[in-house]
Structures are given as C-alpha cells and as structure tokens.
Amino acid sequence: MKKIKTRTLTVVAILAAAAFLLQMLGSFMQLKVAGFLEIEFSDLPAIIGTMALGPAAGVTIELVKNLLKCMATTTGFIGEFANFVVNGSFVLAAGLVYLRNKTRKGALIAFIIGTVAMTIVALLANIFIMLPLYMPNADFAARFSLALTTITPFNLVKGIVLSIITFFIYKPLSPIIKGK
C-alpha cells in the first residue's frame, strides 16, 4: 500500500474544509431547481483535488464535506447522501480518466466522462433510492418522470458549469496544491 504523505493529507483536509465552507455559504449563493437540486460551488475543491491528487483525494473531500454537513442537515441525511453519491461519481470518473492523460485534452475528456457518469448515477440513484426517500408516496412512473425530465438535464448542466469553471481555475491553482 502506498504511504500517504502528510502534505497530501493536509491538502485534502484544507480542500474538504473549503468545500464545507462553500457548502454552508452556498445557501446564499446557490442556484436551485425544483426546490431541491442545487448547483453549488462546494464541489469545486473536490474536483480540483481529484485533478491534482487523484480520485481517492476527490472522493475523500466529498465524503468529509458531507459528513461535516450532517451536523447541520435539514434533509435528514438524504441530501448529504445524495450529494456524496452524485458528486462522488463525478470526481471518481473524472479523476480516473485524468490519471491516464494529464493534459488539457485529457481534462476535457475527464470532465465529459465525469459529467456523463454523474448524470447516469444521479438518474438511477434518484429513481431507486433518493426519490423514494423524499417522496415515499410517489409511484415509480412519477419518480422516473421527475428523474428523467428534471434531474437528468440539471445534472448535465451542473457538470458542464463545474467543468468549465474547473478548466479555467485548475492550472493556476495546481502548483499551490501540489507544492511546486
């Protein structure tokens, strides 16, 4: 097993703290759709972390951010679980792709694959897990319709927005994060 460096742990902790702070401030700065879908900028530290340090770092940042958010949850932990599953799938997929090709073109491909992975995971997770918890009386057809017509386009747009922002801010930040 590869030994984890203290610097890497410190950077992951700092990025997770930044993600949590952005998530808490996000209630003032987020774009809401359908009352429960949010484009929030708290995912940016995890995406940046996954690009700089690998997919394990990005997923860890998402996990810590959402565990911290559980202390102030208003969703009974469902929102935090959904946030982790959906955004974790983005950083995991994008990070795995970017590991193999650390170029601007590789980043674009990673962001596209991350967005598609997030959208598919969100569709399935919402139909079978999240929406039944949020809407226990809704039938399958209603959940499927909501997931397909609202959640899927939302996640495509969210993935594109976060990818564009990361594409432009990652390169200037990477020397600081990597310590170079």
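Tell me, what ³J(HN,Hα) does each residue in segment 136-146 have, in order and in whole Hz, if you take phi through Karplus 6.51 cos²θ - 1.76 cosθ + 1.60 with θ = phi - 60° and put x for Gly and Pro?
x, 8, 6, 7, 4, 4, 5, 5, 4, 4, 4
Mean separation of Cα pairs under 8 Å and 6+ residues apart, divided by the residue count of the chain: what relative contact order is that in percent? Show your work: numbers first, answer last.
Numbers: 212 pairs, mean separation 35.2, N = 180.
This gives 20 percent for the chain.
Skip the ligands, DNA and RNA, and give the accessible area per residue of segment 63-140 with a 1.4 Å probe, whole Å².
Result: 53 Å² of accessible area for each residue.
Calculated FRET efficiency, Phe77 and Val161, Cβ-Cβ r, R0 22 Å, to nearest 0.05? Mind showing how you got there, number by number?
Values: r = 26 Å, r/R0 = 1.18.
After rounding, the FRET efficiency stands at 0.25.
Give me the net charge for the shell around Ala18: Cβ to Cβ below 13 angstrom, other residues only, Lys and Arg +1, Asp and Glu -1. Don't jump to the answer; show the numbers that get you there.
Values: positive: Lys65; negative: Glu40, Asp43, Glu62.
Result for the local shell: -2.
Using DSSP H assignments, which helices in the chain have an axial alpha-carbon span of 20 Å or above and a mean Kyte-Doolittle hydropathy of 1.6 or higher?
Helices meeting the span and hydropathy rule in the chain are 6-29, 104-125.
Measure off, as a whole percent, the carbon and sulfur share of the 1.4 Å-probe accessible area of the chain, all protein chains present. Each step should come with its number before you reach the end.
Numbers: 7110 of 9540 Å².
Its accessible area is 75 percent carbon and sulfur atoms.
The values are calculated or read from the model by the stated rules, or taken from the named source; none is laboratory data. A quick note: this is a predicted structure, and the numbers were derived from the prediction, not measured. Please note: Cβ atoms are built from the backbone with ideal geometry, for glycine as well, and neighbour counts cover all protein chains shown. Each accessible area value is taken on the protein alone, full model and side chains, heavy atoms only, with ligands, DNA and RNA left out. Shrake-Rupley method; radii C 1.70, N 1.55, O 1.52, S 1.80 Å.
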